[in-house]
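The values are calculated or read from the model by the stated rules, or taken from the named source; none is laboratory data. These numbers were taken from a predicted model, which means no experiment stands behind them. Here Cβ is always computed from backbone atoms with ideal geometry, including for glycine, and neighbour counts include all displayed protein chains. Surface accessibility is based on the protein's heavy atoms, side chains included, excluding ligands, DNA and RNA. Shrake-Rupley method; radii C 1.70, N 1.55, O 1.52, S 1.80 Å.
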Amino acid sequence: MPLDTAPPSTPASPATRDPRFDVLLEPVPIGPVVARNRFYQVPHCNGMGWRDPTALATMRGIKAEGGWAVVCTEQAEIHPTSDITPFVEARLWSDADVPALARMAQAVHAHGALAGIELCWNGMNSPNLWSRETPMGPAHLPVATFTNEPLQARAMDRADIDALRRWHRAAALRSRAAGFDIVYVYAGHALGGLHHFLSRRYNDRKDDYGGTLANRVRLLREVIEDTRDAIGDRAAVAVRITIDEMLGAAGFDRREAEDAFGLIGELPDLWDLVLGSWEHDSATSRFEDEGFQEPFVTGFKRLTSKPVVGVGRFTSPDAMVRQVKRGVLDLIGCARPSIADPWLPRKVAEGRVDDIRECIGCNICVSGDFTSSPIRCTQNPTMGEEWRRGWHPERIRPRASDATVLVVGAGPAGLECARALGQRGYAVTLAEAGTTLGGRVTREAALPGLAAWARVRDWRAYQLKKMPEVQIALASPLDADDVLAFGATHVVLATGAHWRTDGVGRLHTHPLPVAADAQVVSPDALMSGARPRGRQVVVFDDDHYYLAGVLAERLARDGFDVHYVTSAARVSDWTVNTMEQTRIQARLIETGITLHLSQDVVAFEADHVDLACHYTGRRTQLACDAIVPVTARLPERTLFDALHARTDAWADAGLRSVQAIGDAWAPATIAHAVHAGRRFAEALDAPPDADPDAWLVRREMVGLAPDWDPVRAVTQAGR
């Protein structure tokens, strides 16, 4: 059938900057240095750290190119007693670490920005799994890690405190040698040892470093003064501090934070304000809106003459301006928005705010840190790939031929593929069987808490409208004959996937027994508006990410009696990596959903499901009218298989390749789908002599010890 193509809209005329955003471009003095504008990339982890220094430096350098006035590192461990393995952070243990960090500072300076380093002695948050040093903190307590390591920290004595001060001073001197303009003292997020000394939750000391607020602030004061003394007037000293631990009188609260400013408010050159733990401060959009920290940070700027930076998942320039105009912040701190759009400041400066690739607050970026893997982003597929693959968030190499491309399916993979190909200059037709763009993004964004995820669709749809090279054809289902008749040089199938209804997933790799009269409702049907008959519904989660919990919440809001069943010991188990698992579980409980944890669904019956204890196999029954299995998906391969069955017709049709991408190739996250779209667009028309089996990612190798001798190393061991 012919494609119903529609011409793209006329590109807009060159924009000029709205003068109300001029305040964001004002320079801000920070001690002895000056930020060229108010855009400040606060320290953020990335899963690359000491292992991938060039990839990390390139990523940070592109942010500086994108207009950020200050670009900071992640946590930089200052000593082997601050080893936070399995997390891969920066390290500044010795002079040997200076060159890797200097590379980042050089990349940032090359584009006129200031480079900041977040020195961190992790204290009780350091299990020291690599170094095997004894953890230390203000008290004899278990280590405060994400992984519940079976270790305790020992209470520090005065010699330990003196040693910590010496280590931090040495790290400050190394930071200066590496070329950093801003050196951090870290007392935030319950992750640093200085935070532990501040907090009544951890500090029960009876000496000069415990008890009164003045005593608990003492170590922070001393480290600030040591850092100032070490770096002199060549770099600024910043302090990142939790201004409310969210524990009331049991922790370091707002009242104490204000009093602490009265004691040390003028000591550093910059205050970086954070909220509670990392989970509090970097909440997902499912639970917190843009700028939700504002009520907590408001008022601190009045307590110091020094500039103040804070975060809020800011993507709207209007929201940023309000922070400055209302005297809340001097500098607009961003971590996740700088990941989603490394060029956000330039787009504001150039009057292109509609081109900002807005963060969706999904925290897939955070998962890189928790899985010790390079950072990724749902919105920005180039994040983490800047050096590894040579990708840039704003530039892409021009087309290498006159080939035409037909992209079938306008979900996240298809939209990004068409957009990137259009940016390269290829003639592209994007065919969508339905009447709307977005695919799974559009369906999922309609679920509770996921509205911001529609930005994945909306940003790409807006970019496509400006591309005369790309034609969009809605309501255009295609079969193999249609595709062959179309005459495209390359066909990309981004046809997505569908959820299984037979129970197959991680737990069960073969179909479960399903009674003929059992009411099994697929997640796809629910997202399309279908609802079960009857009142009691079982949602079976063998996916362990967000969808089962969100669907359960949707059904509960619609008045169903919902029972959530999972073989895991907690709901939405993988979301520990996006730091929202505890909030998801609390939300389901508060919504009235009954949780059945560590239970396997083993059969679907007409009026119940059969359950088995995940550990003992003990069988029970759970009455229900319908079951929603969120288990595994199958790629939509009908068109792919039909075209590959007719390869003999390709030459006559002028067709050279047919490739499935995204969920149509292997179902995964939205971030994977967007990345797959970009990857196809980057690789199209690769040089003919390129090795198809070559690994396409550059990597750095560990430097081998130069003086190692195999015989001496073995024979001297143990002597």
In whole percent, the fraction of accessible protein surface over the range 570-652 that belongs to carbon or sulfur atoms, probe radius 1.4 Å, stands at 48 percent
Once you have a ≥ b ≥ c as the square roots of the Cα gyration tensor eigenvalues for the range 241-334, tell me rounded if a/c is under 1.5, and otherwise prolate or oblate according to whether a/b is larger than b/c. oblate
Per residue value of the accessible surface for the range 161-241 (all protein chains in place, 1.4 Å probe), Å²: 33 Å²
Using DSSP to call loops (not H, G, I, E or B), can you name the trypsin sites (Lys or Arg not before Pro) in the range 303-363 whose Cβ has at most 11 other Cβ atoms within 10 angstrom? R326
Above 26 Å lies some portion of the pair distances; for the range 496-631, what is it as a whole percent of all C-alpha pairs? 13 percent
Using +1 at the Cβ of each Lys and Arg and -1 at the Cβ of each Asp and Glu in the chain, identify which of A632, M59, L588 lies farthest towards the dipole's positive end. M59
Computed [θ] at 222 nm, deg cm²/dmol, the chain (DSSP H ≥ 4; -39,500 (n - 2.57); rounded to nearest 500): -8500 deg cm²/dmol
What is the angle, in °, between the Cα long axis of helix 547-557 and the longest principal axis of the Cα atoms in the chain? Nearest 10 is fine, range 0 to 90. 80 degrees
For the chain, the longest principal axis of the Cα atoms and the Cα long axis of helix 254-264 enclose an angle in degrees, to the nearest 10, of 50 degrees
For the chain, percent of DSSP beta bridges that are antiparallel (nearest 5) comes out at 20 percent
Can you bin the range 47-156 into rounded, prolate or oblate? Criterion: square roots of the alpha carbon gyration tensor eigenvalues sorted a ≥ b ≥ c, rounded for a/c under 1.5, prolate for a/b above b/c, oblate for the rest. prolate
Loop trypsin sites (Lys or Arg not before Pro), the range 117-167, which have at most 11 other Cβ atoms in a 10 Å radius of their Cβ (DSSP): R132
Set Lys and Arg Cβ to +1 and Asp and Glu Cβ to -1, take the dipole of the chain about its Cα centre, and tell me which of W68, L512, P667 lies farthest positive. W68
q = 0.09, 0.10, 0.17, 0.23 Å⁻¹: log10 I(q)/I(0) that the Debye formula gives for the range 157-279, counting C-alpha atoms only: -0.23, -0.29, -0.83, -1.38
Report relative contact order for the chain in percent, whole number only (criteria: Cα-Cα under 8 Å, sequence separation at least 6). 12 percent
Each residue of the range 295-300 in turn: what ³J(HN,Hα) in whole Hz from Karplus with 6.51, -1.76, 1.60 and θ = phi - 60°, glycine and Pro shown as x? x, 7, 8, 4, x, 5
Whole-Hz ³J(HN,Hα) from phi, Karplus 6.51 cos²θ - 1.76 cosθ + 1.60, for the range 437-443, glycine and proline x: 8, x, x, 4, 4, 5, 5
Give the shape of the range 302-351 as rounded, prolate or oblate, defined through the alpha-carbon gyration tensor: a ≥ b ≥ c are the square roots of its eigenvalues, a/c under 1.5 means rounded, and otherwise the shape is prolate if a/b is larger than b/c and oblate if not. prolate
For the range 108-172, build the convex hull from the C-alpha positions and give me its volume per residue in Å³. 121 Å³
Based on the alpha carbon coordinates of the range 552-705, what radius of gyration and maximum Cα-Cα distance (Dmax) apply, in Å? 23.2, 66
Could you state the angle between the C-alpha long axis of helix 581-590 and the longest principal axis of the C-alpha atoms of the chain, as a value from 0 to 90 degrees rounded to the nearest 10? 70 degrees
Would you pull out the residues with amide H under 5 Å of V185's amide H, same chain only if 5 or more places away, H placed 1.01 Å from N? A238, V239, R240
So which aspartates and glutamates pass the test for K325, namely a Cα distance under 14 Å, with those fewer than 8 places away in the same chain ruled out? D22, E26, E294
Which aspartates and glutamates, if any, have their Cα less than 12 Å from the Cα of K306, not counting same-chain residues under 8 positions apart? E266, D269, D272, D330
For a quick check of your reading of the filter: which chymotrypsin sites (Phe, Trp or Tyr not before Pro) in the range 620-719 sit in a DSSP loop and have no more than 10 other Cβ atoms within 10 Å? W695, W708
Counting only the heavy atoms of the protein chains, how much of H596 is accessible to a 1.4 Å probe, in Å² to the nearest 10? 40 Å²
